[in-house]
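Asks: Structure provided below as C-alpha cells; questions to follow.
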Amino acid sequence: MEVDTSKEALREARKIAEQSDQGARNPVGLTGRLILAVTLCWSLFQLWYASPLPFIFKAGIFNDTQARAIHLSFAVFLAFMAFPARRKSYRNQVPFYDWIMALLASFSSAYLYLFSTELAYRSGAPTTMDLFIAASGIILLLEATRRALGPPLMVVALVFITYAFAGPYMPDVIAHKGASFNKAMSHFWITTEGVFGVALGVSTNFVFMFVLFGALLERAGAGNYFIQVAFSLLGHMRGGPAKAAVVSSGLSGVVSGSSIANVVTTGTFTIPLMKRVGFPSHKAGAIEVAASTNGQLTPPIMGAAAFLMVEYVGISYLEVIKAALLPAIISYIALFYIVHLEAVKAGMEGLPRRHTRTKLQALLSFTGTFAGLCIMGTAVYYGIGWTRSYMGDYALYMIGSALLLSYVGLVKLASLQPDLPRDTEATLSHTPEPGPTLKRGLYYLLPIVVLLWVPDR
C-alpha cells in the first residue's frame, strides 16, 4: 500500500512538473509531432547561433537583434501551443483560436528579423503597420506570459505599461509628461530598448543553452545519480532522508539551476522517505522546497538572474560563480543543521544499511570520498589553469584528449557497478552502498568540468 501511495505521488508530481515546465497540454497526432519539431528546431537554432559554424561556413550569421527576434518567435509560438487559456480548456488538441494567436504572435516577434532592413531605413518613424504589429505583439506576449507563468507577472507588466501612458495623472513624486502611443509602441517593440532588450538577449545568449544543458544531463541520469549518492552517504544518519534531500537538492542544482526541476526530481524520491522515518508531511515538504529553492544559487548553473548580472555589471560568469559559491554553501549548511536538530528532537533514526560497517570504516569511507573530491577539484582547477597559461591554443586539444580518456575510463568503471535504482521501491528499506553508487556515475562530472573551463577561456 505504501509503494502504491509513493507511485501515485510520483505520477502526481510528474503531472505538476509537466504543467509548469512543458505546458498542461499533451496533443497527439500531427499537432504533437509539430510541437516536437518546433522545439527541436529551436534547440538547433540556438546551438547554431552559439557555435562558430556560421563564421566557418560564412552562412546563417545573425546579429543580436535578429537572434532575439527568432528566439522570442519560437517561445511565444510554443507558449500558445502548449499552455491552454483556461484550466478547463482542451488538453489533447489545440483549438483554432490558439493556432491563430500562436502564428500571429510568432510573426509579430519575427517582424524585426523579417523586415530588419526596412526598419533600419525608417528608424524613429514607424509606419501604421509597425505600430499595429507592435501593439499586437505586446498584447499577445502578455497573454503568453499569463498562460505560462500565471497572472502576477502579467499584472506587473501591465502596471508599468499603464504608468508609461498615465504619467501626467500620477502623484508629483512619480509624475512625468507621459508617452504617446506611437512613441511607446516603437520603444517597447521596434527598438532594442524594450522587449528586445538586455533581458531577452541574456535569454538568447545564455539562459537557453544552460537550461538545455541541464535538461540533457538530467535526462541522461545525472539527477538520479546525485540523489542516490546523497542517500548512500547520509541515508543511515538521524533523519537521513531529510539530510540526503538537502544534499541531493544541492547536487541537482549544480546541473539544473531551477527550483521547480529540483523539487520534481528530488522531491518525488525524498519526501516519501522523509515521511517514512518520522517527518510529518508539512515538514517533509518544507525541507524539500527550502533545499530545492537554493538550486538557483548553486553554481555553476544558476537562475536567469545570474546571467542578467553578467550582462548588466559587465563581469565574467566565472566571477559570478565564485561570488555565489559561499552563500550557496552557507545556506545548505544551515538547512542541514536545522534538519539535524529536528531529527534529534523527534528521536528519529535513519534507514539501515544492507551491510553493517564499523565507525572506523564509515569515517575512512567519508574521509576518502571527501579527500578524493577535493583532490579532483584541485587538480582540475590548477591543471586546467596550467594548460591554458602555458599551452595557449594547444590547451583545447590537450583538455579534449584528457576528457575523452577520462570519459572512457569512467564509463568502464561504471559498467562494472550495479545499475542505480530509478524509483523509491528499491531504497524504501535500505541505504545504497556508497562505493558502488559513487563509482556508477562519475562521468557525469565531466560536463561540469567543461562548463567551468570554457567561460574562462
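The values are calculated or read from the model by the stated rules, or taken from the named source; none is laboratory data. Everything quoted here is computed from the prediction, not taken from an experiment. Here Cβ is always computed from backbone atoms with ideal geometry, including for glycine, and neighbour counts include all displayed protein chains.
Asks: Does Gly178 meet the test of being in contact with a helix residue (DSSP H, G or I) (Cβ under 6 Å, 6 or more places away or on another chain), over 25 Å from Thr65 (Cα atoms), of a type outside the set (D, E, K, R) and surrounded by fewer than 17 Cβ atoms within 10 Å (Cβ to Cβ)?
Replies: Numbers: in contact with a helix residue (DSSP H, G or I) (Cβ under 6 Å, 6 or more places away or on another chain): yes; over 25 Å from Thr65 (Cα atoms): yes; of a type outside the set (D, E, K, R): yes; surrounded by fewer than 17 Cβ atoms within 10 Å (Cβ to Cβ): yes.
When the stated conditions are applied, Gly178 passes them.
Asks: A further question follows. Can you work out which of the residues in segment 187-233 that are of a type in the set (D, E, K, R) and under 20 Å from Arg440 (Cα atoms) is surrounded by the most Cβ atoms within 10 Å (Cβ to Cβ)? Working first, answer last.
Replies: Narrowing segment 187-233 to residues of a type in the set (D, E, K, R): 193, 218-219.
Filter again for under 20 Å from Arg440 (Cα atoms), leaving 218-219.
Details: Glu218: 19, Arg219: 9.
By that ranking, first place goes to Glu218.
A quick yes/no check of all residues on (1) modelled with pLDDT of 90 or more; (2) surrounded by 18 or more Cβ atoms within 10 Å (Cβ to Cβ); (3) among the small types (Gly, Ala, Ser):
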residue	(1), (2), (3)
Arg25	no, yes, no
Thr39	yes, no, no
Gln46	yes, yes, no
Ser51	no, no, yes
Ala75	yes, yes, yes
Ala85	no, no, yes
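Asks: Still on this structure: Check segment 431-444 and report whether any residue there is modelled with pLDDT under 80, surrounded by fewer than 19 Cβ atoms within 10 Å (Cβ to Cβ) and under 20 Å from Ser248 (Cβ atoms).
Replies: Yes, some residue in segment 431-444 is modelled with pLDDT under 80, surrounded by fewer than 19 Cβ atoms within 10 Å (Cβ to Cβ) and under 20 Å from Ser248 (Cβ atoms).
Matching residues to (1) at pLDDT 90 or above; (2) hydroxyl-bearing (Ser, Thr, Tyr):
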residue	(1), (2)
Ser123	no, yes
Leu140	yes, no
Ala144	yes, no
Leu149	no, no
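Asks: Let me ask something additional. Being touching an Asp or Glu at 6+ places or on another chain (Cβ under 8 Å) and assigned to a helix (DSSP H, G or I) is the filter here; which residues of segment 78-87 pass it?
Replies: So in segment 78-87, the residues touching an Asp or Glu at 6+ places or on another chain (Cβ under 8 Å) come out as 80-81, 84-85.
Within segment 78-87, Phe80, Met81 qualify.
Asks: Now, a different point. Out of segment 53-73, which residues are crowded, with 16+ Cβ neighbours inside 10 Å and among the basic types (Lys, Arg)? Walk me through how you get there before you give the answer.
Replies: Pass one, segment 53-73, residues crowded, with 16+ Cβ neighbours inside 10 Å: 62, 65-73.
Hit for segment 53-73 is Arg68, nothing else.
Asks: Can you name the residue in segment 27-37 that is touching a residue at least 60 places away in the same chain (Cβ under 8 Å) and surrounded by 13 or more Cβ atoms within 10 Å (Cβ to Cβ) and is also nearest to Ala102 (Cα to Cα) among such residues? Let's see the steps before the verdict.
Replies: Within segment 27-37, the first condition is being touching a residue at least 60 places away in the same chain (Cβ under 8 Å), and the residues that meet it are 27-28, 31.
Restricting the remaining residues to those that are surrounded by 13 or more Cβ atoms within 10 Å (Cβ to Cβ) gives 27, 31.
Values: Pro27: 15, Thr31: 13 Å.
Here the residue is Thr31.
Asks: When segment 234-244 is examined, which residues are found to be closer than 24 Å to Gln296 by Cβ and either surrounded by fewer than 24 Cβ atoms within 10 Å (Cβ to Cβ) or at pLDDT 75 or above (or both)? Even if it seems obvious, please write down each step before you answer.
Replies: So in segment 234-244, the residues closer than 24 Å to Gln296 by Cβ come out as 234, 241-244.
Those that are closer than 24 Å to Gln296 by Cβ and either surrounded by fewer than 24 Cβ atoms within 10 Å (Cβ to Cβ) or at pLDDT 75 or above (or both): Leu234, Ala242, Lys243, Ala244.
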